[in-house]
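Reviewing the structure listed below.
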Amino acid sequence: MMADQIEIAAGRLREGGLVGFPTETVYGLGADALNADAVAKVYAIKDRPSNNPLIVHVADVEMARACASVWPPAGEVLAGAFWPGPITIVVGRAESIPAVVAGGGATVAIRVPGHPMALALIERFGGPIVGPSANRSGMVSPTTAEHVRAQWGDEVLVLDGGACQRGIESTVVDLTGDRVRVLRRGMVGAEQIARVLGCEVEVVDGIADADGGALASPGLMARHYAPGTPARLIDDESEIGEGAVLLAISRVPEGVRGIAMSQDAPEYARRLYAALREADAMGAKEILIERPPSEGSTPENTAIWRAIHDRLRRATG
Ligand code: TXA
Ligand code: MG
């Protein structure tokens, strides 16, 4: 049954079609990375600016090397430490990867996703697939198959791999410059990357302004991952007004409409996007988000809280 679904999905990719697929972070919108027309459909359906490059998903390091013009030693180290997993590595783009994948640029972002269904799909298809988050550009990323179906209906075939276990997007790390740079915070922290590489890692944390110069990572726009209802962070219960819905860290105060999240960073991350959607659907005037802690019990959890803060900043931007 499941093998059949994978085969049907792989067939769709071979025909130049689009497939929603699960990863451990969020659901991706897959297309044949070597087929420029198929990739163009991804930009069109998402309404994504053509200069915002896509991540190429591969099954293993060997496939990653084939997508890169140069596969640096640091890529090998990061892949060994974190793949399959939530880290995306930016390297020089091989000629075989169409320019449209990279938003016209000379680099390409690559990752091996940590989800058996994603890996089975790539293996069955037999080549790399692009996979932006399967939301319309600027909206909240989907973390269930249902979220993807709700967005695209019959336009996109969706593989159902359950709810995503990590819940927010991969860390994007750029190996093409003099210094290693994190372009997007994610589930793997800059400190963890620095530790395994044995070098300093810069974090490009600024949100690009709309009229600013070239973006290091064009996905880093101020308003992104955003629900339709206006959202803002609060520090105190006294800020909760009439007609608001609250994303509480652990307890929703009596008489307040809200959703209880978690004090545990991985659990908070796992639930965040579904909670934003749920809050959005409650028809409130405003979504209030209780400011989460900035430090966790371990360096890994601190990194996840930082990634959560990054996404909340964009959701409220
Ligand atoms: O967890 C994830 O990364 C998910 C799952 C589906 O794998 N994918 C995802 O893709 O979040 P997307 O397209 O929503 O975000 C990709 C991010 C964007 O910020 C984009 O600008 C950046 O990666 N990016 C892609 N290619 C790049 C490149 N060549 N250089 C710099 N940044 C790049
Ligand atoms: Mg996205």
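The values are calculated or read from the model by the stated rules, or taken from the named source; none is laboratory data. Everything numeric here is computed off the predicted structure, so don't read it as measured data. With ideal geometry, Cβ positions are generated from the backbone for all residues, glycine too; neighbour counts draw on all protein chains shown. Quick note on the areas: whole protein, heavy atoms, side chains included, nothing else; ligands and nucleic acids left out. Shrake-Rupley method; radii C 1.70, N 1.55, O 1.52, S 1.80 Å.
Filtered by the rule that a residue be more than 13 Å from Ile304 (Cα to Cα), within 16 Å of ligand 2 (Cβ to nearest atom) and out of contact with any Gly (no Cβ under 8 Å at 6 or more places or on another chain), the stretch 164-179 gives a lone residue, Cys164. Within the stretch 92-102, the residues that satisfy the criterion of being touching a helix residue (DSSP H, G or I) at 6+ places or on another chain (Cβ under 6 Å) and of a type outside the set (Lys, Arg) are Ala94, Ile97, Pro98, Val100, Val101. Pairing each residue of the stretch 141-155 that is touching a residue at least 40 places away in the same chain (Cβ under 8 Å) with any residue that is in a helix (DSSP H, G or I) and open to solvent by 10 Å² or more (accessible area, probe 1.4 Å), provided the two are 6+ apart or on different chains, yields C-beta distances under 7 Å for Pro142/Gln151; Thr143/Ala274; Thr144/Ala274; His147/Arg277; Glu155/Ile45. Here Ala281 passes the criteria (1) hydrophobic (A, V, I, L, M, F, W, C); (2) open to solvent by less than 60 Å² (accessible area, probe 1.4 Å); (3) more than 21 Å from Ala194 (Cα to Cα) except the one numbered (2).
One line per residue, one yes/no per condition, for (1) of a type in the set (Lys, Arg); (2) farther than 21 Å from Val100 by Cα; (3) within 13 Å of ligand 1 (Cβ to nearest atom):
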position	(1), (2), (3)
Ser133	no, no, yes
Arg149	yes, yes, no
Leu157	no, yes, no
Asp160	no, yes, no
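Note on the stretch 264-291: residues that are assigned to a loop (DSSP other than H, G, I, E, B) and within 22 Å of the chain's Cα centre (by Cα) amount to 2. Within the stretch 297-317, if we keep just the residues that are of a type in the set (A, V, I, L, M, F, W, C) and under 15 Å from the mean Cα position of the chain (by Cα), the residue that is modelled with the lowest pLDDT turns out to be Ala315.
With respect to the conditions (1) crowded, with 16+ Cβ neighbours inside 10 Å; (2) touching a residue at least 60 places away in the same chain (Cβ under 8 Å), Asn51 falls short on a single one, namely (1). Return the total of residues in the stretch 148-163 being surrounded by fewer than 24 Cβ atoms within 10 Å (Cβ to Cβ) and within 14 Å of ligand 2 (Cβ to nearest atom). Residues meeting the conditions: 1. Of the residues making up the stretch 113-127, none is out of contact with any Pro (no Cβ under 9 Å at 6 or more places or on another chain), of a type outside the set (Val, Ile, Thr) and within 16 Å of ligand 2 (Cβ to nearest atom). Candidates are the residues of the stretch 244-266 that are small (Gly, Ala, Ser) and open to solvent by 40 Å² or more (accessible area, probe 1.4 Å); the one that is nearest to Val26 (Cα to Cα) is Ser250. Scanning for something open to solvent by 20 Å² or more (accessible area, probe 1.4 Å), within 18 Å of Phe82 (Cα to Cα) and touching a Ser or Thr at 6+ places or on another chain (Cβ under 6 Å), does the stretch 111-133 turn up at least one residue? Yes, the stretch 111-133 contains at least one residue that is open to solvent by 20 Å² or more (accessible area, probe 1.4 Å), within 18 Å of Phe82 (Cα to Cα) and touching a Ser or Thr at 6+ places or on another chain (Cβ under 6 Å). Only one entry of Ala102, Ala118 meets the criterion of being closer than 23 Å to Gly138 by Cβ, within 10 Å of ligand 1 (Cβ to nearest atom) and among the small types (Gly, Ala, Ser), and that entry is Ala102. Here the condition is being part of a helix (DSSP H, G or I), exposed (fewer than 15 other Cβ atoms within 10 Å of the Cβ) and either at pLDDT 95 or above or not assigned by TED's automatic domain parsing to the domain that holds Ser50 (or both); of Ser294, Ser238, it holds for Ser238 alone.
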